[in-house]
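First comes the structure, then the notes that go with it.
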Amino acid sequence: MDLPASTIPANLSAHTAESYDMSIRLLSDGLLFALSDTDGKPCASCTYPFESGAEDYCAAVKELFFRHQHLTFPYRRVHISYQPQSYVLIPSALYEEGRGDYWLRSAVDLPDEGKGAAVMEYLLPHQDKMLISAWDKPLYEFLRRTQVGTEFVPDFALFLQDTERRSRQHAGKRIALSIRQDKLDLFVFEGGSLLFANAYVITHDSNARTLAEETLFYLVTVWKSLHLDPENDHVAICIRRSADGSSPDRDDLQQTIEPFFRHLELSEDCQ
């Protein structure tokens with residue numbers, strides 16, 4: 001599926017791409033492509049689902065790049081949002097460049113010498129902390145070769161920034177939970193400061209109630225360990241859509257969680 005002729009700029013080519021900025025958001029089952037001009041005005045967007053039969057996730061992404069040439073054009077800027085496999089939150093003052101794997105190995109199981117895992121570093125805006133993440137190394141190297149100078153950020157970055165801003169507006173803590181296909185990303189803020197960050201694996205089950213109950217389980221677990229106040233603390237949940245448009249049942253999540261957390265907000269695709 002190529003971009004409709006009515007949405008893609010008529011002059012877009014390898015020679016004119018430097019007049020545009022490209023954003024790619026990697027999804028669990030495809031990618032979202034967006035194009036804007038140098039003033040930031042949106043020009044085009046399209047969701048590309050993966051083709052069936054790919055050997056793995058990296059191969060599926062490569063197939064889309066080979067199929068849609070405009071993904072490989074030399075744009076002025078390229079921004080790619082990725083889904084970390086796991087991560088650890090550390091104080092920025094303790095970080096040494098090139099030693100991100102040291103911190104990551106203290107929290108997750110990495111292959112020997114980082115084989116198969118790229119160590120990604122994300123400095124949190126307005127924080128004295130940073131996230132060290134593990135991601136698909138072959139895919140990272142492919143994208144870095146294909147688009148030189150690409151900016152890589154976790155796909156929950158904007159959600160985090162919005163949660164930080166909102167947490168400064170009221171007393172108490174604010175829990176931010178991002179639901180993707182196979183993981184829950186859970187963060188806790190207080191007064192604009194990020195206190196906690198962790199990813200939890202979702203068990204694959206077709207029963208929507210199971211996902212809602214899993215979400216509640218992790219919320220309650222963190223609530224107990226961090227002594228959260230369900231009467232005053234706020235919970236914000238971002239439900240991510242897949243390339244095929246599917247997403248967890250919003251009503252079921254609300255009905256399951258709301259009896260335990262008074263201040264609950266649910267939104268979809270917070271980016």
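The values are calculated or read from the model by the stated rules, or taken from the named source; none is laboratory data. In this text the structure is predicted, and so the values were computed from the model without any measurement. Note that each Cβ is placed from the backbone with ideal geometry, even for glycine, and that neighbours are counted across all protein chains shown. In case anyone asks, the SASA skips ligands and DNA or RNA and just uses the protein heavy atoms, side chains included. Shrake-Rupley method; radii C 1.70, N 1.55, O 1.52, S 1.80 Å.
With both labels modelled 7 Å from their Cα along Cα-to-Cβ, the Q254 to H227 distance reads 3.4 nm.
For the chain, what does the convex hull of the Cα positions come to per residue, in cubic angstrom? All intermediate terms of the calculation are to be shown ahead of the outcome.
Details: hull volume 39.8 nm³, N = 271.
Spelled out: Cα convex hull of the chain, divided by residues, is 147 Å³.
Report, in debye and to the nearest 20, how large the dipole of the chain comes out about its Cα centre when Lys and Arg carry +1 and Asp and Glu carry -1 on their Cβ. Before the final figure, lay out each step's value.
Numbers: 26 positive and 41 negative charges, 99 e Å.
The calculation lands at about 480 debye.
Over the range 165-271, accessible surface divided per residue gives 49 Å², non-protein components excluded, 1.4 Å probe.
Take every DSSP beta bridge whose two residues both sit in the chain; close to 65 percent of them are antiparallel. Computed as a quarter of the hull surface, the mean projected area of the alpha carbon convex hull for the range 12-119 stands at 9.1 nm². Kirkwood's formula applied to the C-alpha pairs of the range 23-66 gives a hydrodynamic radius of 11.3 angstrom.
Dipole magnitude of the range 123-162 about its Cα centre, charges +1 at Lys/Arg Cβ and -1 at Asp/Glu Cβ only, in debye to the nearest 20? Show your work: numbers first, answer last.
Working: 4 positive and 6 negative charges, 40 e Å.
That gives a dipole near 180 debye.
Other residues with beta-carbon under 13 Å from the beta-carbon of A59 carry, at +1 per Lys or Arg and -1 per Asp or Glu, a net charge of -3.
Counted over all Cα-Cα pairs of the range 51-168, pairs farther apart than 17 Å make up 62 percent. When only alpha carbons are used to place a centre, the range 136-152 and the range 1-71 end up 15 Å from one another. Within the listed set N198, N11, N232, the Gaussian network model of the chain (springs between alpha-carbon atoms below 10 Å) gives the highest mean-square fluctuation for N11. Ignoring ligands, DNA and RNA, what percent of the accessible area of the chain is carbon or sulfur (1.4 Å)? The value for the chain is 48 percent carbon and sulfur by accessible area.
Quick check for the chain: number of Lys pairs with alpha-carbon distance under 21 Å, counting only pairs 8 or more apart or on different chains? Working shown, then result.
Details: K62/K115; K62/K137; K115/K137; K129/K173; K137/K183; K173/K224; K183/K224.
Total qualifying Lys-Lys pairs in the chain comes to 7.
Of E258, E214, which has the most accessible area and how do the rest follow, probe 1.4 Å?
Details: E258 80, E214 25 Å².
In descending accessible area the options line up as E258, E214.
How large is the translational diffusion coefficient of the range 1-75 in µm² per second when you combine the Kirkwood radius over alpha carbon pairs with Stokes-Einstein at 37 °C and 0.692 mPa s?
Values: Rh = 12.9 Å.
In µm²/s, the coefficient rounds to 255.
At 25 °C and 0.890 mPa s, grab the translational diffusion coefficient of the range 137-182 from Stokes-Einstein with a Kirkwood Rh over Cα pairs, rounded to a whole number in µm² per second. Translational diffusion coefficient: 184 µm²/s. Between A157 and L94, the FRET efficiency estimated from the beta carbon spacing at R0 = 25 angstrom works out to 0.70.
Based on C-alpha pairs under 8 angstrom that are at least 6 apart in sequence, the chain has a relative contact order of 15 percent. Take each uninterrupted DSSP H stretch in the chain, measure its Cα extent along the helix axis, and return the ones at 18 Å or beyond whose mean Kyte-Doolittle hydropathy is at least -1.0. For the chain, where a helix must reach 18 Å along its axis and average at least -1.0, the hits are 208-225.
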